[in-house]
Amino acid sequence: IHDMLFLLFLPCFCSGQPAAPPLRFSTFLDPSNTVSLRWDHDKEELMTLELQICTTGWVAFGFSPCGELPGFDILAGRVFPKGSISFSVC
């Protein structure tokens, strides 16, 4: 998967692990429909998010309780040339 970053949701391909449940909600975040966000939550309100975006290697995604910068959190991710993925909370 070259130049594609799957951020926040990484399915487990380990033997014996159950498959992740399908995500019920989705939207595109841009007018050209190239940035896709899918999400769901369980009974305890634990959120699962999947962000799909074509990138040259970097992506950042912000969360805010009211859509403003004060109090926001950012996840930053990178795809390295050999395909490994790294992301962190800023």
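The values are calculated or read from the model by the stated rules, or taken from the named source; none is laboratory data. What you are looking at is a predicted structure, and each value in this text was computed from that prediction instead of being measured. So basically every Cβ, Gly included, is an ideal-geometry build from the backbone, and we count neighbours across all protein chains shown. Only protein heavy atoms, including side chains, enter the accessible area calculation; ligands, DNA and RNA are left aside. Shrake-Rupley method; radii C 1.70, N 1.55, O 1.52, S 1.80 Å.
Please indicate, with yes or no, whether at least one residue in region 64-79 is surrounded by fewer than 12 Cβ atoms within 10 Å (Cβ to Cβ) and in contact (Cβ under 8 Å) with a residue 40 or more places away in the chain. Within region 64-79 (the criterion being surrounded by fewer than 12 Cβ atoms within 10 Å (Cβ to Cβ) and in contact (Cβ under 8 Å) with a residue 40 or more places away in the chain), the answer is no, since none of the residues qualifies.
Of the residues contained in region 76-84, one or more are found to be under 11 Å from the mean Cα position of the chain (by Cα), part of a strand (DSSP E or B) and closer than 22 Å to Asp30 by Cβ. Picking from residues in region 80-90 that are open to solvent by less than 80 Å² (accessible area, probe 1.4 Å) and not aliphatic (A, V, I, L, M), the one that is modelled with the lowest pLDDT is Gly83.
Just name the residue that is farthest from Pro22 (Cα to Cα) out of those in region 34-63 that are open to solvent by 60 Å² or more (accessible area, probe 1.4 Å), outside any loop (DSSP other than H, G, I, E, B) and out of contact with any His (no Cβ under 7 Å at 6 or more places or on another chain). Ranking the candidates gives Trp58 first.
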